[in-house]
Each structure stands twice: as structure tokens, then as C-alpha cells.
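K.L.:
After the C-alpha cells below, expect a handful of questions from me.
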Amino acid sequence: MTEITTLLQIFIWGLTAGCIYVLMAVGLNMIFGVMKVVNFAHGEIMMLGAFASFGLYYYTGLNPYFLMLFSMVIIGVFGVIIERFGFRKVLGTGKLNEIFLSLGLIYILQNAAVKLWTDDIRKINSPYSSMTLDLGVLNITYDRIIAIAFTALILISLYLFLIRTDVGRALRATSQNHEAAMLMGVNVNHMYMLSFGIGSALAASAGTVHAILSPFNPYMGTIPGIMAFTVIIIGGLGSIPGAIIAGLMLGLVQNFTIFYFGGAWKEAVAFVLLIIVLVIRPTGIFGEEH
Amino acid sequence: MKIINAKLSIIALILLVLITAGCTDTSEEGTPEYINIGLVAPLSGGASDVGNDMKQAAVLAVEEINADGGVYVKEYGVKIPLKLVEGDTQTSPTEGVTAVERLITSENVVVLVGGFSSGVTLANQVPAAGKVPYIITGASSSQVTRRTEIDTSYFFHYCSTTDDYSQPILQFFVDELKPMVAADRDLKLALIYRDDAYGKGVIESSVAYIEDNSMPIELVAKEKYPTDETDFHTYLTKIAEAKPDAVYTVGFVKDTSSVYIQGQRDVGLNTLYMAVECNEDPAFYELLGEWGDGQLLESKFAPYAAEYTELMGPYKEAYLAKWDEMPGMMGADTYDGIYLAASAIERAGSLDRTQVRDAIKQTNEQEMLILLEGGNITFDEYNEISPIIFIEQMFWDEETEELKPVIILPDSLKEQDFVLPDNYEIGG
């Protein structure tokens, strides 16, 4: 009989893994929701975020959680550049062009990262790495608590931005109907850039959290990138609440699967979950029929 | 008729171009300008850190040999410099095959040296089967020279096999650890390993050794993980539930260091961790930091520990001077492999691949960086060597803030006795 503390521990591991999926998937959904573009290089943007934080940490030695804010800005700007000079050029010219552009970006960004930082394995040392919070039944490291809290903070900020500000409303309007948004005076091109920038910044935060919790190298983004796609399909394309629920669900399901059935099932279970959800609800949990 | 002549002329021209293209490294007298040696290594992809070490060591060996004029080849009556041609496997079986095919067909290499990761090497050795001598310096599966579906007579295993290191590791657990923590019961051992040919190979070999020798070891957990895994918390939580006396990890630098750290720091699995030799790499010590204190590493090349062979000092010095970093174990195997290839070519007196293969097979020379049973490099019936395996214990130095190993086994090289880590908690 498994002890309750063990199950609680696995719940915490699943929740943290889920937070990284959520940050990735919400960013991906921001981009898809507004631009209807599928960016397969989202995992590589995440990797660049990890390296941006690593570079800042290496040269300044400051708290990596503080530096994460700067790397989010840097990668956000980088995302805007990719949108402006890459995706914008092929937008509306056919889905294949968008797909191949993003596939090409995977290799370009990976090779560029290898050139800049080499293939060596890196790590970011958190000042809280040895500190744990004793909850009586189990101990949780501060880094995990911060990762969960940071994800919640980012999501709440994003929610307030989208609901309470004019720019946020314009973004939502663009996501719902481009033409109508344009007729209402929204500069759709600016919204494209903004959504790509926010999506990339969220990926950068996921990359930094990942880099604080585990060693990384320029190939770190591949699997989280694939999982983020699984999450947005499970949650419903374009749905941010869907991405949050599905991301946390996937993190938990994967970790409990490892515990009960072994690591070989970790990736397979993501697709089992995907198939189950699609059979029951083909648009995903929160997806809307168009 | 004119058309036939034109066709013949084109074919003749193509043949001429192909023939001259194959002779680009050959001088007017017919003496090759260089001897091409193919380096098969993961220069990109997941294991590129190891591949880089292999490349740096190979470059160093080639430069040292060329500084003396190269290799004397009797057939030409002169010394010919070596040229290292890189074949990047990209840590992928498919890309590895392409890389080796290119080295053989386009680069016309005389010998292949390298090959890291059993899964990748088992695939990329196929194009070389029965054609090109391949000194394999980084794949542990004994299948690389024992498989039967291809001609393995050109393959030489210049590194330890999974069988080689299962034995001393398990013997260490029984002889050294068990009396300290489980004198009156079987030692409870947990296994955690990569889900690939390498991980499975080591585990199968270890389990077979325990069973064949009726060792007093109880396997309480056996967890395999996907090769791209970075989050080991749940695996380790499951292992912690089984209350092991020690955890035997079979993985590469990134995964093994994560297991050590996440196990102690996050899961509270304060036990004894043992890693396998491919982790003998500067990155492993760096990533582990203080979490490596008191923990173990199996190896056959210990540049951070004692200078147990005369060559160690000069090699470390030359490597540091050229690359500004410490050498790793896979590089040491490769360094020896390049020298072995050069020596075989010289003894063969020819660049003919079959003659070079025969010369490698007949090698009987003084050991180099890798210590061998009997002190000489020789290949047995399976074209394998018999390396001496070390067990190292790592200690965190508070003053220098560095993790340093000492050799605790074998007795002939022992620097100090094994001690339990400060945070060790008995399982069971």
C-alpha cells in the first residue's frame, strides 16, 4: 500500500512538471489564437530563454528568478523579430509555408545556440537549491514552490492584462475575428507581434524554470515543445484555460504513470490522453467548434 | 557510331574524374600525402560533450604523431602524416551510418576510431563490416564484436564492456558496502537506467552476474527512463519507497548527475549512488558539485585522482594546454585508439585495410592511458581488451569548492578506504 506522503510527493512533482507545460502551452496558444500560426520551434524559443537566463546569471551572478524577467523581455523582443521578419512574410500564403518556416527555425535556433554556447551541459544554480519547506508530512524544495508560484503569478498577470487593458481586449478581439477587429480600428499587425512576443516570453519563463530545476543543453526544447502541442490539442486550440487545465493534467498523469506503470509509458500516456479526449470531445476540453 | 563514341568518351571522362578525385591526397610519385583516419563521434546531439572530448583527444594524438613526421609506411619508404577526418554521428544511429559511409567511400579512411553509445555504434559499424578496421573506443555493449549477423573481424573493442564493469561494481557492493550496512541480510539494491541498448545491456549483464554467482543482493527496484528524461523525481520516489541500501545508476552525464542531485536534495533518498564510467567527464564533477560528496563512480581513467601511470601527467598537461579543460575518459580511450591505429599501420607497412586489420589483431604493446590486465595491449578471441576497472569515491572540498575523486579500488591503486557518505541512511 502506497503511503499518502508518497502520493503527495508525486502530486508535487506532477504539478511542477505541469507548470512548465502550462507556460509553454499558454504561450503557444497565444500565438495560435491570435495569428492562427503553428510554431513548431516553440521548444527552441524555450531553450533560448534558458540560455538567456543562463548568460545573464553567468555574467551578473544575480538571483536567477529576478533575471528571468529580463530574459522574458529579451526573448519576447526576439519573438517579435521572428514574427515580423519570418512568419509575417508567409502569413496567408499557405499552411505548409508556415509549417516549414517553423520547422526550419528548429534547426537554425539549435545550431545557433550550439555555435554561441557550445553543446556543453549547463545548469543555473538557484540560491534556494538546498532549502526545503517542511510541511510535516513531506518536504518541498523552495525552487518547486517558487516555480508553482511564479507560474500562477504569470498567469494571473496575463489574465488581468487580457481582461482589464485596452491592448488585451484588442488582442482578444483579433483572436476572435480579424476582420471585425480591423474594422474597429485595431492594428492587427501589431497584435500579431504582441502575441508572438508574449508567447515567446512565456516560453522563456518555462525555459528558465526548467534550467533551474535540471541541467540543460541546446537540445532541451524538443520534448517540451512536442508536449506543449499535445497540451493545446487536449485543452482546445486557442483556449488559454484549456492549456492551463490540460498542462497540469498532463504533468500529473505522466508522473503517476511513471509511478504505477514505469517510465517507458511516460510519453505514450500523453498520446493516450490525447486520443481519449479527442474521442470524447474532438475540439479538445475547452475548444470551440468553428 | 558517333553517338556510341560520344557516350564512351563521356564514360571515360567520368571515370578519369572519379579516379583523380580518389587520389587527391596522393603526390606525383604515388605516395599519399596523408593517411586518413576517420573519427566516429557524436560531435552534435545529446552526447556532444563526450564527442567533443573524443575529438580533442584525437586531435592531440594526431598532432603528436605528426610532430614526429607521421607514420612510417614501408610500402612507400617514407613517413606519412595522419589526417583526422571527422564523422559526426549526431548521437543518432541513422546519422551515424551516413557519417561512417561517407568516411569510407568519400574520405577513403584507412582506419576508423571512436564510436560512442552502443545503440549508435551497433548501427554505424554495419557499413564498415568486413571492409574497414574500426577501433571502437566508446561503446560498452559486448555485441559490437560478438554479433554474428555481420562480419566483425575488422572491429576491435578498445574499451570496457558491460560485463567488464558489472563485476567490480557488484563485487564492491558485496565486499565493501554490505558488511557495513547489511551484515545480517541481503544488500538491497535499486537500479535506474536509460531505456536504450546501453542501459539495458549493463543491467542485463549485472542481473546475470548476480544470479550466476548467487550474490547476496536483493534487487528492490528496477526503473528505466526515456533517454531524454530530465525529471527523475517520481522514479526516485518509487525507489525510495523500496528502501534500498544503494542505487546503481546507468546513464550519461546529464541524467546521472540529475539522479544524484534530485535523489538527495528533493526526494530525500540519502543513500549511496554508483555511476558508470562514461560519467568520468569534467562536466559530471561540475554539475554534481557538493551533491557528489561521498558518492561513487566506476571508471578506468581517473585524471582527477592519482597519477597512476607515467603518461597521465604529460597527457593531462598537453590536453589542458591545448584545450584549456580537463580530459575525460572517452577521450583517453580515443587517444590510445589513434596511437594504436598509427602503430598498426606502421607494423603493417601498408595502407591496405586488411593488412592493417591483421596488424591490430596482432598488437602486443605497452599499455597507454587505459591500464590493462598484464600491462600490454592485446586483443582476445572476441577482439576485446581487458581493462583494469577502478571504483572512485568523490569528496567535496569546502576550501576549493571542488568535487575530487580518490581511488578506493582496486587495491593496487587504492588511495584510501571507502567510507559511508555523511548523509547516508541505511535501507531495508
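The values are calculated or read from the model by the stated rules, or taken from the named source; none is laboratory data. Nothing here was measured: the structure is a model prediction, and the numbers come from that model. Here the Cβ positions follow ideal geometry from the backbone for every residue, glycine too, while neighbour counts run over all protein chains shown.
K.L.:
Could you say which residue among B:Ser92, B:Ser48 is within 14 Å of another protein chain (Cβ to nearest Cβ), over 26 Å from B:Met326 (Cβ atoms) and touching a residue at least 40 places away in the same chain (Cβ under 8 Å)?
P.N.:
B:Ser92
K.L.:
Looking at (1) more than 14 Å from every other protein chain (Cβ to nearest Cβ); (2) assigned to a helix (DSSP H, G or I), which one does B:Tyr235 not meet, given that it meets all the others?
P.N.:
All conditions pass for B:Tyr235, except number (1).
K.L.:
In the range A:107-129, which residues are farther than 20 Å from B:Lys254 by Cα and crowded, with 20+ Cβ neighbours inside 10 Å?
P.N.:
Within the range A:107-129, just A:Leu109 meets the criteria.
K.L.:
Yes or no: A:Val186 β-branched (Val, Ile, Thr), outside any helix (DSSP H, G or I) and surrounded by fewer than 23 Cβ atoms within 10 Å (Cβ to Cβ)?
P.N.:
yes
K.L.:
Would you check which residues across the range B:242-269 are within 10 Å of chain A (Cβ to nearest Cβ) and hydrophobic (A, V, I, L, M, F, W, C) and list them?
P.N.:
Hits for the range B:242-269 are B:Phe252, B:Val253, B:Ile261, B:Val267.
K.L.:
Say whether the condition of being within 13 Å of another protein chain (Cβ to nearest Cβ), in contact with a Pro (Cβ under 8 Å, 6 or more places away or on another chain) and in a loop (DSSP other than H, G, I, E, B) is met by at least one residue in the range B:223-230.
P.N.:
Yes, the range B:223-230 has at least one match.
K.L.:
Residues being more than 10 Å from the chain's Cα centre (by Cα) and either at pLDDT below 95 or among the hydrophobic types (A, V, I, L, M, F, W, C) (or both): count how many of those fall in the range B:132-141.
P.N.:
The number of residues fulfilling the criteria is 3.
K.L.:
Is it the case that the range A:48-63 has a residue that's of a type outside the set (Asp, Glu), surrounded by fewer than 17 Cβ atoms within 10 Å (Cβ to Cβ) and within 30 Å of A:Ala180 (Cβ to Cβ)?
P.N.:
No, the range A:48-63 contains no residue that is of a type outside the set (Asp, Glu), surrounded by fewer than 17 Cβ atoms within 10 Å (Cβ to Cβ) and within 30 Å of A:Ala180 (Cβ to Cβ).
K.L.:
Within the range B:369-385, track down each residue that is free of Cβ contacts under 8 Å to residues at least 24 places away in the same chain and not in a strand (DSSP E or B).
P.N.:
Scanning the range B:369-385 gives B:Glu373, B:Gly374, B:Gly375, B:Thr378, B:Asp380, B:Glu381.
K.L.:
Taking the range A:225-256 on its own, how many of its residues are facing chain B (nearest Cβ under 9 Å) and either aliphatic (A, V, I, L, M) or surrounded by fewer than 24 Cβ atoms within 10 Å (Cβ to Cβ) (or both)?
P.N.:
1
K.L.:
Could you grab me the full set of residues in the range B:148-168 that are surrounded by 16 or more Cβ atoms within 10 Å (Cβ to Cβ) and either at pLDDT below 95 or within 19 Å of B:Thr94 (Cα to Cα) (or both)?
P.N.:
Correct list: B:Cys159, B:Ser160, B:Thr161, B:Thr162, B:Asp163, B:Asp164, B:Tyr165, B:Ser166, B:Pro168.
Residue-by-condition table, conditions (1) within 12 Å of the chain's Cα centre (by Cα); (2) assigned by TED's automatic domain parsing to the domain that holds A:Leu160; (3) without any contact (Cβ under 8 Å) to a residue 40 or more places away in the chain:
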| site | (1), (2), (3) |
| --- | --- |
| A:Gly197 | no, yes, no |
| A:Ala201 | yes, yes, no |
| A:Leu213 | no, yes, no |
| A:Leu237 | no, no, no |
| A:Pro241 | no, no, no |
| A:Gly251 | no, no, no |
| A:Asn255 | no, no, no |
| A:Ala268 | no, no, yes |
| A:Ile276 | no, no, yes |
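K.L.:
Within the range B:193-207, can one find any residue that is within 14 Å of another protein chain (Cβ to nearest Cβ), in a helix (DSSP H, G or I), within 30 Å of B:Glu381 (Cα to Cα) and charged (D, E, K, R)?
P.N.:
yes
K.L.:
Please work out if A:Ala152 is hydrophobic (A, V, I, L, M, F, W, C) and within 14 Å of another protein chain (Cβ to nearest Cβ).
P.N.:
Here the answer is no, as A:Ala152 does not meet what is asked.
K.L.:
Continuing with this model, one more query. Can you spot a residue in the range B:156-166 that is of a type in the set (Asp, Glu) and away from chain A (no Cβ under 14 Å)?
P.N.:
Scanning the range B:156-166 turns up at least one residue that is of a type in the set (Asp, Glu) and away from chain A (no Cβ under 14 Å).
K.L.:
Which of the residues that make up the range B:1-44 are at pLDDT 80 or above and not aliphatic (A, V, I, L, M)?
P.N.:
Passing the criteria: B:Gly30, B:Thr31, B:Pro32, B:Glu33, B:Tyr34, B:Asn36, B:Gly38, B:Pro42, B:Ser44.
K.L.:
Could you identify the single residue in B:Ile203, B:Ile210 that is β-branched (Val, Ile, Thr) and either modelled with pLDDT under 95 or crowded, with 22+ Cβ neighbours inside 10 Å (or both)?
P.N.:
B:Ile203
K.L.:
May I ask you to say which residue of A:Pro218, A:Pro282 is assigned to a loop (DSSP other than H, G, I, E, B) and within 11 Å of chain B (Cβ to nearest Cβ)?
P.N.:
Only one candidate qualifies: A:Pro218.
K.L.:
Determine whether B:Glu325 is among the acidic types (Asp, Glu) and outside the structural domain of B:Gly77 (by TED's automatic domain parsing).
P.N.:
The answer is no for B:Glu325.
K.L.:
Pick from B:Val126, B:Val144: which is among the hydrophobic types (A, V, I, L, M, F, W, C), in the same structural domain as B:Ala359 (by TED's automatic domain parsing) and surrounded by fewer than 21 Cβ atoms within 10 Å (Cβ to Cβ)?
P.N.:
Of the residues listed, the single one that is among the hydrophobic types (A, V, I, L, M, F, W, C), in the same structural domain as B:Ala359 (by TED's automatic domain parsing) and surrounded by fewer than 21 Cβ atoms within 10 Å (Cβ to Cβ) is B:Val126.
K.L.:
All but one of (1) surrounded by fewer than 22 Cβ atoms within 10 Å (Cβ to Cβ); (2) in a helix (DSSP H, G or I); (3) modelled with pLDDT under 95 hold for B:Thr309; which doesn't?
P.N.:
(2)
K.L.:
Looking at the range B:326-368, which of its residues are over 23 Å from B:Tyr382 (Cβ atoms), touching a helix residue (DSSP H, G or I) at 6+ places or on another chain (Cβ under 6 Å) and not in a helix (DSSP H, G or I)?
P.N.:
Across the range B:326-368, the qualifying residues are B:Met326, B:Pro327, B:Gly328.
K.L.:
In the range B:270-290, how many residues are more than 9 Å from chain A (Cβ to nearest Cβ), more than 21 Å from B:Ser160 (Cα to Cα) and outside any strand (DSSP E or B)?
P.N.:
4
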